[in-house]
Amino acid sequence: MKKHKTIFLCTGAFMLLTEVWKQWCLTYRLGGGQYNWWYFPFQLCSIPMYVCLLFPFLSSDKLRGILLAFLMDYGLLAGIFTFFDTSGLHYPYAPLTVHSYAWHVLLIVLGIYAGYVNVTCMDKAASKHTAFAGATAAYLICCILATVCNLVFYRYGSINMFYISPHYRMTQKVFRHIALLFGNGTGIIVYICAIITGAFFVHLLWKWIWKVKIF
């Protein structure tokens, strides 16, 4: 486990350093020195960075199982489904576009690696439904924090953490049509529920993978 803790810590530190570089480029190279809250690093695809940094310092197997479940289920889902609509990965500055693509590929790799760590070191702790419930609770807490950020920092500029700000219409495929038909609030709720449902199916896929002993 010590080796895996080191890998998670180094990965998290690397992600943090590249995120700092990204924020610098967005602020000074593209933003003329003005910070753009739209790119504040608190999206679903950003959370795995914080998870990697936190994981090595936890002594509880239960909490480690929850964080692994988050990477395996929510992080992997976020990484995969981003490539179904890559419009948000492109920037006027080419290195940022490369970084964005690489970041989401890394999320997929992290999700798979977390599954490997779980089955080899954690006695499949993260495959339990209680671990998924904990990961889902963490996701919902992040949604609440994102909403607080959206409401508090909106006065300072455009911000849409987790893409659930009440100040903006849903723009994601499918969900934008739901928002148009039934209202933005309904679109946001359906969007959150869809992510939880998708993560649960990923969780079931992991259970099948372990059952057939692919790992």
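The values are calculated or read from the model by the stated rules, or taken from the named source; none is laboratory data. Quick caveat: nothing in here was measured; it's all calculated off a predicted structure. Cβ atoms come from the backbone with ideal geometry, glycine included; neighbour counts cover every protein chain shown. Accessible surface is based on the protein model in full, side chains and every heavy atom, while ligands, DNA and RNA are left aside. Shrake-Rupley method; radii C 1.70, N 1.55, O 1.52, S 1.80 Å.
Just a few scattered comments:
- Residue satisfying condition, being without any contact (Cβ under 8 Å) to a residue 12 or more places away in the chain and part of a helix (DSSP H, G or I), within set 10, 25: 10
- Among the conditions (1) under 20 Å from the mean Cα position of the chain (by Cα); (2) surrounded by 18 or more Cβ atoms within 10 Å (Cβ to Cβ), residue 178 misses just one, which is (1).
- Residues located in the range 12-28, provided they are under 20 Å from residue 102 (Cα atoms) and either in contact with a Phe, Trp or Tyr (Cβ under 8 Å, 6 or more places away or on another chain) or open to solvent by less than 30 Å² (accessible area, probe 1.4 Å) (or both): 12, 15, 18, 19, 22, 23, 25, 26
- Leading residue by the ranking (nearest to residue 147 (Cα to Cα)) among those in the range 29-38 that are open to solvent by 70 Å² or more (accessible area, probe 1.4 Å) and hydrophobic (A, V, I, L, M, F, W, C): 38
- Applying the set (1) within 20 Å of residue 202 (Cα to Cα); (2) within 11 Å of the chain's Cα centre (by Cα) to residue 50 leaves exactly one unmet item: (1).
- Where residue 170 falls short, out of the listed (1) open to solvent by less than 70 Å² (accessible area, probe 1.4 Å); (2) without any contact (Cβ under 8 Å) to a residue 40 or more places away in the chain; (3) assigned to a helix (DSSP H, G or I): (3)
Here's the yes/no breakdown for (1) under 24 Å from residue 16 (Cα atoms); (2) modelled with pLDDT under 95:
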| residue | (1), (2) |
| --- | --- |
| 108 | yes, no |
| 113 | yes, no |
| 117 | yes, yes |
| 123 | no, yes |
| 128 | no, yes |
| 136 | yes, no |
| 143 | yes, no |
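- Boolean, residue 41 is assigned to a loop (DSSP other than H, G, I, E, B), open to solvent by less than 60 Å² (accessible area, probe 1.4 Å) and not aliphatic (A, V, I, L, M): yes
- Residue identified as open to solvent by 70 Å² or more (accessible area, probe 1.4 Å), in a helix (DSSP H, G or I), on the phi < 0 side of the Ramachandran plot and not hydrophobic (A, V, I, L, M, F, W, C) among 113, 154: 154
Per-residue answers, yes or no, for (1) crowded, with 23+ Cβ neighbours inside 10 Å; (2) without any contact (Cβ under 8 Å) to a residue 24 or more places away in the chain; (3) aromatic (Phe, Trp, Tyr):
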site: 58; (1), (2), (3): no, yes, no
site: 66; (1), (2), (3): yes, no, no
site: 70; (1), (2), (3): yes, no, yes
site: 81; (1), (2), (3): no, no, yes
site: 87; (1), (2), (3): no, yes, no
site: 94; (1), (2), (3): no, yes, no
site: 104; (1), (2), (3): no, no, no
site: 107; (1), (2), (3): yes, no, no
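- Across the range 71-84, a minimum of one residue is classified as of a type outside the set (D, E, K, R), at pLDDT below 95 and assigned to a helix (DSSP H, G or I).
- Residue that is surrounded by the most Cβ atoms within 10 Å (Cβ to Cβ), among those in the range 193-209 that are at pLDDT 90 or above, out of contact with any helix residue (DSSP H, G or I) (no Cβ under 6 Å at 6 or more places or on another chain) and farther than 14 Å from residue 162 by Cβ: 200
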